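Have a look at the structure below, then the notes.
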Amino acid sequence: MEKTALVTGGSHNIGQGIAVVLAEKGYNVAITYRNRPEGAEDTRRAVEALGRRCFVMHAELGEPDAPQQVVDWAYEVLGGLELVVCNAANPGGRGSILTATPERVNELYASNFRNYILTAGAGARYMVRDGVRGGIIFITSSRAQRAYPDDYLYGGFKAGIERACQSIALDLSAYGIRVNCVAPGCIWQREGGCPDPEEYTFLRDGVPLHRSGTAREVGDAVAYLASPEAGYVTGISLRLDGGLILPGMREGRDPSALWYSTEWREETLREAMEQLKVHTEEREDSK
């Protein structure tokens, strides 16, 4: 039987790296994308060049019904499912708690927590029904393990996934399904995120291994956790960050702590007071 994997958010960067490495390991792959159809086609071509099959679906995984629909589709086109990699997420959400809004909290919850849980559950049901001793891997972040003052949403939900992973691993251990996390930090992305260390000296000087990571290295970690060589590994989070958070350093070029930044505090205070003013006016108008 051919190996089969679903990788959400497989159209660029980390998701694309995971899909390509899995194809090298003999997997046929189904991927989703949200807003990069060209990148999804690039992934398809790269996978097919390795002699494996690749199926592509557009999906808004923050929608409540989308995770089940995606898993149903992947199971059908692949003819089975033995690995689910939950990677698609919304990387935004940095800011002060003083400027929190219901809309932003719900958006990040839907895409960074609910999406992962529902996708994992849908995939696990197929594995249990078919007697497949498969795997589920959540892509989290080193920000799940290190607190930053402007990261209560994204980092908080990623931390929630890592804690949920432990319970899910216990839950599914009875069926031989292993559940783990891969937590990247400072992975070079051409379209933003952690930059090329050749252009930014703070990476060479600040990250203990003196470089950023690559999408392929994340893919290698996923492939290892999915392999028989990791058959006794479940419920863990494997961090790939070059030692980034070991000394407690902050992500970014400025080595000073964000919460000591007068500019950041003043900007946050202006935004928070504007929100309070609007809220107060709305309350007065409703009386």
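The values are calculated or read from the model by the stated rules, or taken from the named source; none is laboratory data. Here the structure is a predicted model, which is why all the values come from computation and not from measurement. Counting neighbours? That spans all protein chains shown, and the Cβs are built from the backbone with ideal geometry, glycine included.
Within the set of pairs 6 or more residues apart or between chains, which connect a residue that is over 15 Å from Ile236 (Cβ atoms) inside the stretch 158-186 to a residue that is surrounded by fewer than 17 Cβ atoms within 10 Å (Cβ to Cβ) and of a type outside the set (Lys, Arg) with Cβ atoms less than 7 Å apart?
Every condition considered, the pairs that remain are Tyr175/Val128.
Could you grab me the full set of residues in the stretch 128-157 that are without any contact (Cβ under 8 Å) to a residue 60 or more places away in the chain and more than 14 Å from the chain's Cα centre (by Cα)?
Val128, Arg129, Asp130, Gly131, Val132, Arg133, Gly134, Ala147, Asp151, Tyr152
Might you let me know whether the stretch 46-55 holds any residue that is under 28 Å from Tyr175 (Cβ atoms), within 21 Å of the chain's Cα centre (by Cα) and crowded, with 17+ Cβ neighbours inside 10 Å?
Among the residues of the stretch 46-55, at least one is under 28 Å from Tyr175 (Cβ atoms), within 21 Å of the chain's Cα centre (by Cα) and crowded, with 17+ Cβ neighbours inside 10 Å, which makes the answer yes.
Taking Gly39 as meeting all but one of (1) modelled with pLDDT of 95 or more; (2) touching a Ser or Thr at 6+ places or on another chain (Cβ under 6 Å), write down the number of the exception.
That leaves (1) as the condition not met.
Report, ordered by the first and then the second residue, all pairs with beta carbons closer than 7 Å, sequence separation of six or more or different chains, a first member in the stretch 232-244 that is crowded, with 22+ Cβ neighbours inside 10 Å, and a second member that is charged (D, E, K, R) and modelled with pLDDT under 95.
Filtered contacts from the stretch 232-244: Gly242/Arg211.
Modelled with pLDDT under 95 and either among the small types (Gly, Ala, Ser) or under 18 Å from the mean Cα position of the chain (by Cα) (or both): is that true of Gly93 in this structure?
Against the criterion (modelled with pLDDT under 95 and either among the small types (Gly, Ala, Ser) or under 18 Å from the mean Cα position of the chain (by Cα) (or both)), Gly93 qualifies.
Go through (1) polar (S, T, N, Q); (2) modelled with pLDDT of 95 or more; (3) under 25 Å from Ser142 (Cα atoms); (4) surrounded by 18 or more Cβ atoms within 10 Å (Cβ to Cβ) for Asn28 and report which single condition fails.
For Asn28, the exception is condition (3).
Being under 16 Å from Val84 (Cα atoms) and either in contact with a strand residue (DSSP E or B) (Cβ under 6 Å, 6 or more places away or on another chain) or among the hydrophobic types (A, V, I, L, M, F, W, C) (or both) is the filter here; which residues of the stretch 206-229 pass it?
Val218, Ala221, Val222, Ala223, Leu225, Ala226
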